Amino acid sequence: MGDSQRISVHRLLGQGLVADVVLWKNWRGAAALLVSSSTLWYLFERAGYNFLSFVANVVLLLVLILFFWAKAANLLNRPLPPLPDLEISEETVARVADAVQIWMNRALTVAHDIAIERNLLLCLKVVGGLWAISFVGSLFNFLTLIYICILLSLSLPVLYDKYQDQVDDRLCVTYGTIQTQYKKIHSIVLSKIPKLSNKEKKVQ
């Protein structure tokens, strides 16, 4: 595969701060994310620290620091703590609501295709995905799973960007094998399942 056919991973990730962190172009941000996530995972999973106690202690420490900083600033005629406006704008709420609406509509569309249209292939995909999530969840707890996802997000994109040609070749071979097996299963099993006609759907 030539260089002209290579995919820009940085462009696929949005060319923003997230892309810079994930691809280690912003190595300070990536290192901070790795160290902080590793520290939190160790505190909660290995040291047995309680999440609620940790949050309460952190907030308590921040409140005390800001309080004494403000008191000292008044006494010493120094500037107050540089706090931003602690409020959520209507634009942010609207963007979050739009994103939630899009995901909910997608989920409802999938549910409609399974329940009303009786899309067997889509049903099998959903069942397989949910089973995979359930299986992975039985192996790790939620915090460990998030930590593993962070480690993968900081390693897989970089490795793919470096060894893209080799990975794409292996993926093409794997995809061809999966397609061959799917055609065999479809010809043996799925093609023998009767499909409802439009008239039968309307009657039901």
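The values are calculated or read from the model by the stated rules, or taken from the named source; none is laboratory data. Fair warning: this is a prediction, and the values are worked out from it, not measured in the lab. Every residue, glycine as well, gets a Cβ built from its backbone with ideal geometry; the counts of neighbours run over all protein chains shown. These area figures cover heavy atoms from the full protein model, side chains too; ligands, DNA and RNA do not enter into them. Shrake-Rupley method; radii C 1.70, N 1.55, O 1.52, S 1.80 Å.
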TODO: Sort out which residues of the stretch 153-171 are assigned to a helix (DSSP H, G or I) and free of Cβ contacts under 8 Å to residues at least 12 places away in the same chain, and write them in order of number.
DONE: L156, L159, K162, Q166, V167, R170, L171
Open item on the list: Among the residues of the stretch 118-152, what is the count of those that are assigned to a loop (DSSP other than H, G, I, E, B) and more than 27 Å from L23 (Cβ to Cβ)?
Closed with: 3
- [ ] With the checklist (1) at pLDDT below 85; (2) open to solvent by 50 Å² or more (accessible area, probe 1.4 Å); (3) closer than 30 Å to T39 by Cα in hand, flag the one item C149 doesn't pass.
- [x] (1)
